Each structure stands twice: as structure tokens, then as C-alpha cells.
Amino acid sequence: MPKEKELTGIQKAAILFITLGPEASSGIIKKLPENEIQRITYEIANITAVKPDVKKDILEEFVQINKAKDYLIEGGIDYARDLLSKALGSQRAKEILEKVTEATEQYRPFSIARKADASQLLNIITNEHPQTIALILCYLQSDKAGQILSSLPIEVQEEVAYRIATMNNTSPMVIKEIEKVLNNKLSSVIRTDVGVIGGVQTIVEILNQVDRTTEKNITDSFERENPELAETVKSSMFVFEDIVTLDDTSIQRILREVDGKDLALALKGSSEDVAQVIFKNQSKRASAALKEDIEFLGPVRLMDVEKAQQRVVSIIRRLEDAGEIILSRGGENAIIV
């Protein structure tokens, strides 16, 4: 049996139903399309054994996806992303939300563009109007959009990035017309959809995938055009939970700069993974003292926790700007450990 990450969606569903048992599974299976029932039952018939850790991982993913769906219904994509990031970390939250949206969206704009090679797309859209490029990048995977953004001329990068960050609702007719042009150029059938795209979160996800030079050029241009927007973008690019992505040396350097009271307050509202990473990079005495400080705090306001976390993030950004630590990012400068 392959590892959980190597399994297809159908195989995961089959293992989930085996784990839940016939009584619970029957009520779910009968609501599925006939073709999916056939594929799942085929997999169930061919599975002879499942390792306990694989079962556990699939059950956890099932619970996380259902929570994500509830959060989306309750408060929308930003609300869901915020709650999941606090519980699971930003990267895992992104993965779960992508799975939910892929499963729930019947059609997706620029779906073929999402499958195309970044260099091919760059050649097609590079001479388009910045607003057109911005719209297309909003619908691409953030890593692919980051590759394209990094390859544009600097002045075009700045214009496109600003338009993404300030974009809100887009007319369905505009989306349809741009899709039609790409349809001709890619010689593919592209379906249409309507939705809210762009905004700060989109440009943040894209900038997290570009090289540091491209990121700095764009955020500097935001500073000139709209300082408030620039601050919002920069503060969103690295969140407190992303500390788990840093190497031990960087974390130890950060801890030398962070005020102990801020650290205790910041960890009060963090995930267990973040807390363990911090404790691991302290001496036994320091980690014991920090745990006592956290316990001593008692109930605290979420607003105070978020402010403390942001002060820690500001230190991290300052250390990166000074070249004392390196934040892993996409593109050619991604760090392979």
C-alpha cells in the first residue's frame, strides 16, 4: 500500500469507508455519482491491508476538510483560511482549502492555463495590458504566478502586482472575453466562472513564491503608491505560524531578539507545532521558564496575542532584510534542506 501522500483521491475514499465501517459508509456512498461508486468499490475490493498511520492520516484529512467546508459556509474563504492557519499552519491550511475548492467548484476559470507551462503562458501574455495579466495571474497557482511575475520587466511587475493587490470584483463579461482570447491562443476549451478574485491575499501568495529581489521591487513600488497597502501586504507575507518553516539556526537568532513577554503572549495563541519548535531551540532552563510564563498569563485577549505575534514577525522581517536569516521562498532561490 503506498504512503498517504501517494494515494489518489479515490483510494483515500476507499480507505476512509473501510475505516468508518459499512454502517457509516453506506449512507455516504449512496449519495455519490454512479461512476464514483464503481471506482471506489473497485478500490475497496482490491485493498488487502492498510497501515494504521495511513488510516490515521486519512481520517485527520477528512476531519480537516469537513472543518474547512464549515468555516467556508460560516464566514467565507478569508475566515476559513485564518482559522485553519491558526490550527494547522499556513501551508497546511492552503493545501486543505485547495482540496475543498477543487472538490466543490464545478467549473474554474482558466483551468487549462493552470495546467500550462509557466514559460508558455509568459510568452502568450507578456505583451498584454497589465490589468489583463493581473486578472490571469489571480487564477493561476501562486507558484506559477510567481514565476511569471518574476520574469516580467520590473516596471510591468510593479504595475501588475499593484493591480492584483487592489483588484476586487471582476465583471463576468471581462473574464469571459479574456478566456476567449486565451482559448484561441492555447487552442483549448476554457470554461467560465464568476467570483471575487485578487486582493491582498492573492498578491501575498504570489509574492511568497518569487525571489527576494522581485518581492522588494514590488513592495517598494507599493510604498510609493499606497503605504497603507504596502504595510498590509508585508505584514501578511510571513505569519507567526510560518516559524515552523525556518531552520533551527534562524529560530535561535530570532529568539535572541524577541522580548520574553512578547514570546509568551505570542505562543499563548499558537499551534502546538510552533510551540514545540520554539522550545526545541531553547535551553532546558529557558524553555521551562517560558512554559511557566505562558501558564502564568492565564486567559488573554486574542487581539493582544495577535499584536505580540506581529511584533515577533516584524523582528523576523527585519532580520531577513539585514541578511541575518533567510526565509525559504519559491522560484530559483528556494532553499532545499
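Taken together, the values in this text are just the output of simple stated rules run on the coordinates, not laboratory data. Since we're looking at a predicted model, the values are computed, not measured. As a convention, Cβ positions derive from the backbone with ideal geometry for all residues, glycine included, and neighbour counts pool all protein chains shown.
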Residue by residue through the stretch 317-325, the couplings from Karplus 6.51 cos²θ - 1.76 cosθ + 1.60 with θ = phi - 60°, in Hz, x for Gly and Pro, are 5, 5, 5, 5, 4, 7, x, 8, 9
Given (1) 24.8, 87; (2) 22.5, 66; (3) 21.4, 66 as possible values of Rg and Dmax of the Cα atoms in Å, the one from the coordinates is (2)
Restricting to lysines and to Cα separations under 16 Å from Lys291, and discarding same-chain partners fewer than 8 apart, the set is Lys261, Lys268, Lys280
Summing Lys, Arg as +1 and Asp, Glu as -1, what charge do residues with Cβ under 13 Å from the Cβ of Ala134 carry, Ala134 excluded? -2
So for the chain, averaging the separation of alpha carbon pairs under 8 Å that are six or more residues apart and normalising by length, what relative contact order in percent results? 15
Once phi is turned into θ = phi - 60°, what whole-Hz ³J(HN,Hα) does the Karplus curve with 6.51, -1.76 and 1.60 give for every residue of the stretch 172-180, x standing for Gly and Pro? x, 5, 5, 4, 4, 5, 5, 4, 4
Sort 86-92, 44-50 by the packing proxy (mean of other Cβ within 10 Å over each peptide's residues), most packed first. 86-92, 44-50
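Calculated from DSSP H runs of 4 or more alone, at -39500 (n - 2.57) each and per residue, what is the 222 nm mean residue ellipticity of the chain, nearest 500? If you can, show how the numbers build up before the last one.
Details: 19 runs with 238 residues, N = 337.
After summing the helix terms and dividing by the residues of the chain, the value is -22000 deg cm²/dmol.
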In Hz, Karplus ³J(HN,Hα) per residue of the stretch 118-125 (6.51, -1.76, 1.60; θ = phi - 60°; x = Gly, Pro): 4, 5, 5, 5, 4, 4, 6, 9
